[in-house]
Amino acid sequence: MFRDRHDAAEQLAERLTHLKGHDPLILAIPRGGVPMGRLIADALEGELDVVLIRKLGAPGNPEYAIGAVSEDGSVALEDAASHFRESAITEEIEKQRALIEERRRRYTPVRAPIDPDGRTVVVVDDGSATGATMAAALTTLRQRAPARLIAAIGTAPPETVSRLERLADEVVCLESPRDFRAVGQFFASFGQVDDDEVMDLLGNEHG
């Protein structure tokens, strides 16, 4: 059990201290991963940016992930997506793509996303249930030729960790219980992170 995201981020930073001095690029998955990414980037003397991936929710049950869409437009569908109408999935993809575009405009309005080419990249999130979002992030980033690709998460079930280990060079997961139900069950405090906080953490002015 973590006190909050700050507590989890401190523990992840401790596990990643070998990266200090190597100018790592910390890519946080919004929104919950961003406060953690800020602390880890500061601790490791690295750069912070966001990797924009959106979960695709099942029609009628948006909390149930049936895939993910990446900022480059690529879509990764879970096996469960075959149970739903193609038109409904397409509608969800377009909705999430539009949200990604809007978030990039808000989060980093005066610069392009930081290029991961040749960098040691650490993708950060507070937790991952199915792994759909983190897996999509890792797959997309691998195509951008990072020197090393690391997934750093507070908590995930064992099967998700195994899935991510096939996509990343290293996975750092602090809590991986078999009775996993939801990410929030491992945080005593697990409040929502809003867009204004994300922009503050990325160093952007907003009105």
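The values are calculated or read from the model by the stated rules, or taken from the named source; none is laboratory data. Given the structure is predicted, the values throughout are model-derived calculations rather than measurements. Counting neighbours? That spans all protein chains shown, and the Cβs are built from the backbone with ideal geometry, glycine included.
Pairing residues of the range 53-67 that are farther than 23 Å from Ala28 by Cβ with residues that are among the hydrophobic types (A, V, I, L, M, F, W, C) and surrounded by 21 or more Cβ atoms within 10 Å (Cβ to Cβ), at Cβ distances under 7 Å and at least 6 apart in sequence or on separate chains, gives Ala58/Ile66; Ile66/Leu56.
For the range 46-61, state whether one or more residues are closer than 24 Å to Ala182 by Cβ and among the polar types (S, T, N, Q). Checked against the condition, which is being closer than 24 Å to Ala182 by Cβ and among the polar types (S, T, N, Q), the range 46-61 yields at least one hit. In the range 20-38, the condition of being without any contact (Cβ under 8 Å) to a residue 40 or more places away in the chain and assigned by TED's automatic domain parsing to the domain that holds Gln185 is met by at least one residue. Scanning the range 191-206 for residues that are more than 16 Å from the chain's Cα centre (by Cα) and in a loop (DSSP other than H, G, I, E, B), we see that the one that is modelled with the highest pLDDT is Gly191.
Take Pro109 and decide whether it is in contact (Cβ under 8 Å) with a residue 12 or more places away in the chain, closer than 23 Å to Asp196 by Cα and either out of contact with any strand residue (DSSP E or B) (no Cβ under 9 Å at 6 or more places or on another chain) or surrounded by fewer than 18 Cβ atoms within 10 Å (Cβ to Cβ) (or both). Answer is yes for this residue. Only one entry of Ala129, Ala137, Ala182 meets the criterion of being crowded, with 23+ Cβ neighbours inside 10 Å and not assigned by TED's automatic domain parsing to the domain that holds Val69, and that entry is Ala137.
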